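Student: I'd like to ask you about the structure that follows.
Read-outs throughout are calculated quantities, based only on the coordinates presented, and are distinct from any laboratory measurement. Note that the coordinates shown come from a computational prediction; the quantities given were computed from them, not determined experimentally. Here the Cβ positions follow ideal geometry from the backbone for every residue, glycine too, while neighbour counts run over all protein chains shown.
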Amino acid sequence: MTSTDEQDFRDMEQIADLLLRRLQETLSAEEEAFLDKWLSEQSPASREFYTQATTWPVIEQELQRFNAIDDATAGIMMQEWLKVKQPARRVLWPYWAAAAAVILFIGAGIWYMNRPAGDQPPAMPMAERYRNEILPGGDKALLQLADGSTIVLDSTKSGSLALQGNTRILKNDQGEIVYKAGRDVQPVYNKISTPRGGQYTITLPDGTRVWLNASTTLRYPTAFTGNERIVELSGEAYFEVAQDANRHFRVQTNTSGHQPLNITVLGTSFNVQAYTDEPAQTTTLLTGKVSVGAGSQAVVLQPGRKAVLDKTAAGFNVQAADTAAALAWKEGFIYMQDADLAEIMRQISRWYDVDIVFEGNVTKQFDGKIPRDTKLTTVLKALESTGWVQFKVVGKTVTVYPTDQTTN
């Protein structure tokens, strides 16, 4: 997205927010005056269009069309930016993404409808390309106890699950796993693993909370008895570490194809992404201070910074972090910021438990965010609305095509 495009989008995003909140009757007097002034500066045709289009009946009509979206209407609703606001109390979440998109991209939709027919992506029957629906992931995980036995957490009722030494494992009413530590002299180790299409939250024996993304494994002791609190991670997790000035908390990564990371903290919150299929491991700090090491190298992060260690790099690249992007998965979004399609499809593969096949090369970059509780076909159609890419879904395989290539 160029700087001009980005500024245009920011302006339109602000107006879209005001238009939608006018419908919800939540505008302040100052905001109402600002919106009226903006509308007065538009052409008469544009003012009439915005007045007619930004009404609940029209939005409801667009929502219905979105459920059976085709290549042309996709451009009207999303165009090339896929931004979604936080849900408002007066609009139910399943409708919010599309409702915001309808308003936000009305202007882009006019352009899309009037552009030359030759610029539009080739028409292909939706039924041929989307042969089945795939639902989003959810709270799924497998807990492995010290003796090797396992508990399927997503199908287990709340209450006491097991006793490991003197430490009791509970599943609370929110579906999270909580360890109630006893006085274990010789703690044993447990392991929690999320599959593709899974996520889970766990509270460790010291009170540290950990959110696990899809395809993630965390190994940890049932009680922290030494001078350090050490856990092992493969995948992606967000940590809120319990304060303990006498014992460092340490995360060690064990990811095939990457150097092991050693992340040391006292009490802080941070995100670690360490997937085998990602080109780099990334540690993003939100609060506190952490030391991130690999081999003989180590860097100290301040809040709002991230340490990136590429598979082929000699050392860390420390840079400013987009913390909203780093935590988007935890907040329920698929996030794109100057993201290439391969990066986006890796997220989709992990969350929707699908295999990705590329037939051709799409070099464009994408910006935006889409709720992770959205069905896969809706996500793919939103991406298709850019006019850059098309998809074919058969079973658990998603094939990716440039728009100038015919699918079979």
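Student: Packing-wise, with mean Cβ within 10 Å as the measure, how do 326-332, 30-36, 210-216 rank, highest first?
Tutor: The packing order, highest mean first, is 210-216, 326-332, 30-36.
Student: Sticking with this structure for a sec: Taking the Cβ of each residue in VAL272, VAL152 as the centre, tally the other Cβ atoms inside 10 Å and list the residues starting with the fewest.
Tutor: VAL152, VAL272
Student: Based on alpha-carbon centroids, what's the gap between segment 329-374 and segment 275-301 in Å, whole number please?
Tutor: 23 Å
Student: Let me understand segment 138-326 better: what is its radius of gyration from the alpha carbons, and its Dmax, in angstrom?
Tutor: 16.2, 48
Student: Let me ask another. Structure shown: which of LYS140/LYS289; LYS330/LYS381; LYS140/LYS375; LYS171/LYS191 lie over 25 Å apart, alpha-carbon to alpha-carbon?
Tutor: Pairs exceeding the cut-off: LYS140/LYS289.
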